[in-house]
C-alpha cells in the first residue's frame, strides 16, 4: 500500500463512526511509514485525522464533557468522551492519579490534571488556560511531547487530541500503548513539555513521578501460527497480556523481505471474537506496530474483568475502494485456558 493511495483513501472517508475508525487506522499506517523513512516524529500518532479530533473538533464540546471539565480533578467522563478503550474501568475504579501540577509563562498556564500507567499504556490529561483566546490554527498550535524518564518512548499506538472548552481553555489528551510491555518497570518519571503553544510564545514544562496502577497482570504465550497456502504470508500470536488499562495482543506478521525494501508491506486489519461470541472491532480495538515496517503488530482491546477461554483473530485487507477481503488462511484460534 503506497502513501498516495493512503491519502486518497483518507480523503474519501465521510463522517460516520466506522469510517472514522478506518481513517484512524490509516493514520497509524502513515505514521509508521514516516518513522520507517527516518522522518522526525514526536510519537507514532493517530493525530489530526484521528477519531477523537474528528468527533470533538470544530469547537464542539458536549454538555457532559464541559461539565466534567469544570470540575477538579478531571475524571472518568473525560476518558469516555475521548473514547478511550479503558474508559469504563477508569471511571468505575478511579484508576487515574491526580497530578494538578502546572507551569505558567507569558499568559498561558499548562496544567497536568491526571495520569495513569499500567506498564503497557500511559494516559495523560492536560489543560491549557490563557489570559487571551487560544488558537488551534495549525500554524499556531506549536509543538509538545510526553517523555518517560527523560526520553521519547517507543510507541506502538498513540494519539494526542486537543479540543477547546471555551476560547480561553483547551483540553489535551495523550494516550500511548508502549512498544514493549513493562519496559520501564513500576515507577516512571513523566515530562510534559511544549514550545510556542496555541498562539503564545515561550516554553512550558511539567515533571512528575508516576507509579504503576495497582491491578493484576496476566500473560499468555500461545505462539499459534497460521500461514497462507503459498507460504507468502503468515501470522503468529506471540503474547497476550491482560492488564488494568487494556487487553494487549502481540502478533508477528511475516511476508517477503522485498516488501520492506520497496515499501509495499501489507497493512492488515482484524476482527477479534472471544469464546462467548463478543466481537471486538471498530471503537473496541486499536491497531499499531512496534519496530520497523509492519512485522510486529500490537492490538489493544478494552481491559477485561474475566479472561475469556479463547480468542479468534481473523485478518482482512481492504482494496482501494474500501472493500474488505478476509484472509481466512491466516485466522488464529488462541486457547487461553492455561496461565503461564
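The values are calculated or read from the model by the stated rules, or taken from the named source; none is laboratory data. Predicted, not measured: the structure shown is a model, and the values here were computed from it. FYI the Cβ positions are ideal-geometry reconstructions off the backbone, even for glycines, and counts take in every protein chain you see.
Annotations
- Residue check, residue 164 over 19 Å from the mean Cα position of the chain (by Cα), buried (at least 18 other Cβ atoms within 10 Å of the Cβ) and over 24 Å from residue 298 (Cβ atoms): yes
- Failed item in (1) surrounded by fewer than 19 Cβ atoms within 10 Å (Cβ to Cβ); (2) under 17 Å from the mean Cα position of the chain (by Cα); (3) at negative phi, with residue 182 passing the rest: (3)
- Counted residues, segment 260-284 - those being modelled with pLDDT of 90 or more and surrounded by 15 or more Cβ atoms within 10 Å (Cβ to Cβ): 8
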